[in-house]
Every structure is written in C-alpha cells, then in structure tokens.
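Just below is one structure, and these are the notes that go with it.
The values are calculated or read from the model by the stated rules, or taken from the named source; none is laboratory data. Computed from a predicted model, the values in this text were never measured in an experiment. Don't worry about glycine lacking a Cβ; one is built from the backbone with ideal geometry, like all the others, and counts go over all protein chains shown. The area values use the complete protein model at the heavy-atom level, side chains included, leaving out ligands, DNA and RNA. Shrake-Rupley method; radii C 1.70, N 1.55, O 1.52, S 1.80 Å.
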Amino acid sequence: MTINILHVEDRKEEAEFIQMMLGRSPDFDVLVTQAESLATALSELAIANFDLVLLDLGLPDNVGVEAVEMIRDHSPSVPIFILSGDERQATALAAIQAGAQDYLPKQHMVGQVLARMTQLSIARQKRLRQAEEDSLTDGLTKLGNRRASDIAFEQRRMKLGNDHAMFGLVVIDIDRFKAINDLYGHDEGDQVIQRVASYLSHASDGHWDLHRHGGEEFTVLFPVEDLEELSTIASRLQASCSFSHGPQDLIKISVSCGVTAVYSDDSFRTAFKRADAALYASKGRGRCCSSVHDGQSIHPILIHTDFPSSIAIHVPCVKTSIPN
C-alpha cells in the first residue's frame, strides 16, 4: 500500500528527515510532496489527490490553527495530521476542534508513533466520511435524504449571482400511495418507492440533485434558464414514472408534480411551499399531471404553448384503479 502525503513544512531538512522516518515503516510505502507554504499546499490540493496532509503550524504564511480550517474548506475529504513544534494542550485541542484528525508535537516524534498515527488519521477520516455519507442517505432508495436536500438547496442558492438567476425545484408525489400499502402491503409499497426512485434517476441529468424527501415524496433540484424549461423538466420527470407493478401488473403507478423557480432570496421553506402548492393543484386536477407555480399563481402543465397558460410535453397517463 502506498500513502500519498502532502507535507506542509518550510524546512527542507526537516521534511526530508520526516520522509525518511515514514519510509522505514514496514506497513506502507510513502509518496511525499513537500509544500513550503500554506498557499503552495492549497495549490497542490487543487491539482492532485492526497491521502493525508501532514501540517506544520509554524509556516511563514500560516495563520496557526486557522490553516486547518482553510485546508478543510478547500479539501474536506482529506485528513489533516498536525506535526508541530507547539506542544501546548490548548493548541492541540484547538486544532482538533478545527478539523484535524490528530496532533503530535515534534518533540515527541519517533518513527513507529509517526507511522501509526498517520495510518490512524487516514482510517478515522474514512470512517467519519462514511458516517457523514450515511447520515445524508435514504436507506431504502440510496438517494439523498431530506437533510441532503436542504444542504444541496443551500449550495445552489448561494451560487445564484443576481435577482434574475434561478434554479428549479420540483416536488414529486406517488399517486394514491396509501392505497397501495393498504391493499397490497408495505413490501409492495417499498418496491414501488424503489422503482420510482430508479425511474427518476434515469430521467435526471447527472448534475441534478435527486432526493427522497420522505415517505412517497421526492424532490429534484436542477439548473434552468427560464420558466418554460422549468415546466418541460417537470413533465419529463412525471412522464418517467407511469408504469404497472405487482402480480399481473395489477398496480398502476403514476406520480404528480409541482414545480417552481428558486431565487437568491428564497429559503428552502418558501420555495418548497410554492412547489408543494403546485403539487396539490395537480392532485386536485385528477393526479398524474404537473403544475407550475410562477411566484404569483399556479398554472397547469399540459401542452406546448407560451407561458403562463400551459407549457409541457403531453404525458399519456396510466390511470389507476386503486381507490383513494
């Protein structure tokens, strides 16, 4: 096993000595890149992948423990191991709180300890990243969950540069889902949710954010230029989820959608409220259809015309015989 390390250390002789100590480990090989400043380290992280950042806090351009936060913000998945001449407990605690995986004063450095702590820092970071990923993943569909949706929404909103910039939010709900559970059981209901998640994934582009919001409800975030594109995408997603399921394909599945544009002054709550209102308008129109909220009012998405009367792809709907 080879560990690719970015060693942020301004003294060449000390960097060579530490590399020699790591090279003596019987458990792994090392490939070390030295950066003599924090600025150089950030540049290296932008162009190459590293398994570990070995960081000295005493660099010429360093800002102490804040360097940990800067590296974490730049490359959140890379573990940081502090190797510093500062052996104060307060500094070590501050570094850990800032996001470092471990802290070793240089005065206490010996080869076996350094190698062991290097491996443990990488292992702890992998476990932490897996735990973070699990906390953002829906167990049934393996899509992002509601918390992941909140995070993705805020990331997209922060990138909006002006009042006219937008992205889309569509809320998708499986029609008459309670009746599916009541008549056919929760196992069939779970399978329907999984199939809808799969169809939505195939209908989505790779740069969209698809999440299971909860129960039988999904959200999709996607970039758009105008309201016509917003409505076309909602129709595309709705059309992808019209299918038959179960023994002899007796269960007829469809979804309803509500969509809205999101602007820089929106919160997830305000945008979701509009999309959800459009969704319920679709339900009120008989289900298996989509509606758009333009910020002022709700319009059905039915045929190709100019907004706001109605815009969309015609969707042949598989009507369900399952009662309300």
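Against the definition (surrounded by 14 or more Cβ atoms within 10 Å (Cβ to Cβ), in a helix (DSSP H, G or I) and among the β-branched types (V, I, T)), how does T141 come out, yes or no? So T141 fails the test.
Out of the residues in region 144-169 meeting the condition of being hydrophobic (A, V, I, L, M, F, W, C) and part of a strand (DSSP E or B), tell me which one is surrounded by the most Cβ atoms within 10 Å (Cβ to Cβ).
First, pick out the residues of region 144-169 that are hydrophobic (A, V, I, L, M, F, W, C): 148, 151-153, 158, 160, 165-167, 169.
Keeping just the survivors that are part of a strand (DSSP E or B) gives 167, 169.
Numbers: F167: 21, L169: 30.
Going through the qualifying residues, I end up with L169.
Can M70 be described as part of a helix (DSSP H, G or I), open to solvent by 30 Å² or more (accessible area, probe 1.4 Å) and touching a residue at least 12 places away in the same chain (Cβ under 8 Å)? When the stated conditions are applied, M70 passes them.
Just a yes or no: is a residue in region 87-107 of a type outside the set (G, A, S), touching a Pro at 6+ places or on another chain (Cβ under 7 Å), open to solvent by 70 Å² or more (accessible area, probe 1.4 Å) and free of Cβ contacts under 8 Å to residues at least 60 places away in the same chain? Within region 87-107 (the criterion being of a type outside the set (G, A, S), touching a Pro at 6+ places or on another chain (Cβ under 7 Å), open to solvent by 70 Å² or more (accessible area, probe 1.4 Å) and free of Cβ contacts under 8 Å to residues at least 60 places away in the same chain), the answer is yes, since at least one residue qualifies. Screening the candidates G99, G85 for the property of being assigned by the TED database to the domain that holds K126, at positive phi and of a type outside the set (D, E, K, R) yields one hit, G99. How about region 246-287: which of its residues are more than 29 Å from the chain's Cα centre (by Cα) and in a loop (DSSP other than H, G, I, E, B)? Across region 246-287, the qualifying residues are G246, L250, R285, G286, R287.
Taken over region 25-65, residues that are among the hydrophobic types (A, V, I, L, M, F, W, C), part of a loop (DSSP other than H, G, I, E, B) and at pLDDT below 85 amount to 3. Does at least one position in region 198-211 carry a residue that is at pLDDT 95 or above, in a strand (DSSP E or B), in contact with a strand residue (DSSP E or B) (Cβ under 6 Å, 6 or more places away or on another chain) and crowded, with 21+ Cβ neighbours inside 10 Å? Yes - at least one qualifying residue is present in region 198-211.
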